[in-house]
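Below: one structure, written as structure tokens.
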Amino acid sequence: MGDKGWHNNEDQRTRPSKLPLATYLISKGEDILMRFVNGGVAQEILIWLEDHQFTIVAADGVEVKPVTVDALVIYSGERYDVLIHGQKNPSKKVYRFILETMESIHWNWGPYEPFKSLGNLEYDNVNATEDDTVDWEHKNCTLKNKCLIFNCPFGRFADKYPFNCFSPHLLENVREVQDFDLIKADKFDKNFDERFINMHFDSHVDGYMFAKPHGMPYFYNDRLDDIAVKCDPEVCDRPNHAKYDHTCDCFIHYYFKLNSIVQVRSFLITVVINDQ
């Protein structure tokens, strides 16, 4: 968290007070605004804060009507702005942010031990000693009083878990939609561009494997061949190529016309084990 992760999970579990974890200050009764960003490649992250809730106020920079949850899941590239309400009478000086991966099955279908990481929320006006206790089990969540998780990768948790899900599609824009004609249109006759993108394996898109350009495409718009490998279906046998067939490595990009309405449809196979 905050670019101060700690690779040794045993250290985090047994002596977090001795680690140089990212620390964020708060005062009694103070509200602070934080932005969570997942800069990872593939892992979703489940985020908790001991004895505190998150009030989500923006998603990917768009303000939404506030929703209060006990924890949130954030996927690669997502951003959420959350309010944290400081306790008026905190019982501890330091409360832990707990970040967890959710997979129990590895990409090679073997067992996978979820990784956990920590950060600190520290009350700057509390005279108490930091200790090594961490609420790894989320003791406030019970089967009679389930915690609310935002952005689950499935509709609901199995019944044996003390969690309920809040889907992100239930978020509401805080501002009224202005372009009602665009929203209500049944079909678009002009300047409409629809793309279907098939995503599979690791970095494969439409059968191609993404290869980074050797310069900034914006400055090589008319001569991309100077810095990038073109995606050529005559070179890459997309329907039959092996998973890591590097004849399919190329710079995947799309051109859109100015002022056009672009609809992107993607297909991605994701396997989530929920222990039903």
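The numbers here are math on the coordinates, done by the rules we state, and not lab data. Fair warning: this is a prediction, and the values are worked out from it, not measured in the lab. Neighbour counts are summed over all protein chains in view; Cβ atoms, including those assigned to glycine, are modelled from backbone coordinates with ideal geometry.
Rounded to the nearest 5, what is the percent of antiparallel bridges among the DSSP beta bridges in the chain? Please list the in-between numbers first.
Details: 36 of 56 bridges.
So the antiparallel bridges in the chain amount to around 65 percent.
What list of ³J(HN,Hα) values in whole Hz, one per residue of region 26-40 in order, does the Karplus curve 6.51 cos²θ - 1.76 cosθ + 1.60 (θ = phi - 60°) give from phi, with Gly and Pro shown as x?
With coefficients 6.51, -1.76 and 1.60, one gets 8, 10, 4, x, 7, 9, 10, 9, 10, 10, 9, 10, 9, x, x Hz.
Which residues' amide hydrogens lie under 5 Å from the amide hydrogen of N164, considering only partners 5 or more residues apart or on another chain, with H built in the peptide plane?
Residues meeting the amide H criterion: C147, L148, I149.
Can you list the HN-Hα couplings for region 3-19, worked out from phi with the Karplus curve (6.51, -1.76, 1.60; θ = phi - 60°), rounded to whole Hz and with x for Gly and Pro?
6, 10, x, 9, 5, 7, 5, 5, 4, 5, 6, 10, 8, x, 5, 9, 9
Where nothing but the Cβ of Lys and Arg (+1) and of Asp and Glu (-1) is charged, how large is the charge dipole of region 9-170 around its Cα centre, in debye to the nearest 20? Let's see the in-between values first.
Details: 17 positive and 23 negative charges, 70 e Å.
Computed charge dipole of region 9-170: roughly 340 debye.
Under a point-charge model restricted to the Cβ atoms of Lys and Arg (+1) and Asp and Glu (-1), what is the dipole moment magnitude of the chain relative to its Cα centre, in debye to the nearest 20? Walk me through the intermediate numbers first.
Working: 30 positive and 43 negative charges, 118 e Å.
In debye, rounded to 20, the chain gives about 560.
Taking H placed 1.01 Å from N in the peptide plane, check which residues at least 5 places from A211 or on another chain put their amide H under 5 Å from its amide H.
Amide H to amide H, under 5 Å and 5 or more residues apart or across chains, A211 pairs with C250, F251, I252.
Helix-only mean residue ellipticity at 222 nm, the chain, DSSP H runs n ≥ 4 weighted -39,500 (n - 2.57), per residue, nearest 500. What is it?
Numbers: 2 runs with 11 residues, N = 276.
Only helices count here, giving -1000 deg cm²/dmol.
Which one, C231, G215, V205, projects farthest toward the positive side of the charge dipole computed for the chain from Cβ point charges (K/R +1, D/E -1)?
V205
Taking a temperature of 25 °C and a viscosity of 0.890 mPa s, what whole-number D in µm²/s does Stokes-Einstein yield for region 61-134 with Rh from Kirkwood over alpha carbon pairs? Show your work: numbers first, answer last.
On the way: Rh = 15.7 Å.
Translational diffusion coefficient: 157 µm²/s.
Report, in listed order, any pair from K190/K230; K28/K92; K18/K88; K65/K116 with a Cα-Cα distance greater than 23 Å.
Numbers: K190/K230 29 Å; K28/K92 11 Å; K18/K88 27 Å; K65/K116 30 Å.
Over 23 Å apart, Cα to Cα: K190/K230; K18/K88; K65/K116.
When the Karplus curve 6.51 cos²θ - 1.76 cosθ + 1.60 is applied with θ = phi - 60°, which whole-Hz ³J(HN,Hα) does each residue of region 245-252 get, with x for Gly and Pro?
7, 7, 6, 9, 6, 6, 8, 7
Given (i) 22.8, 69; (ii) 19.0, 61; (iii) 18.3, 56, which label gives Rg and Dmax of the Cα atoms in Å as computed from the coordinates?
(i)
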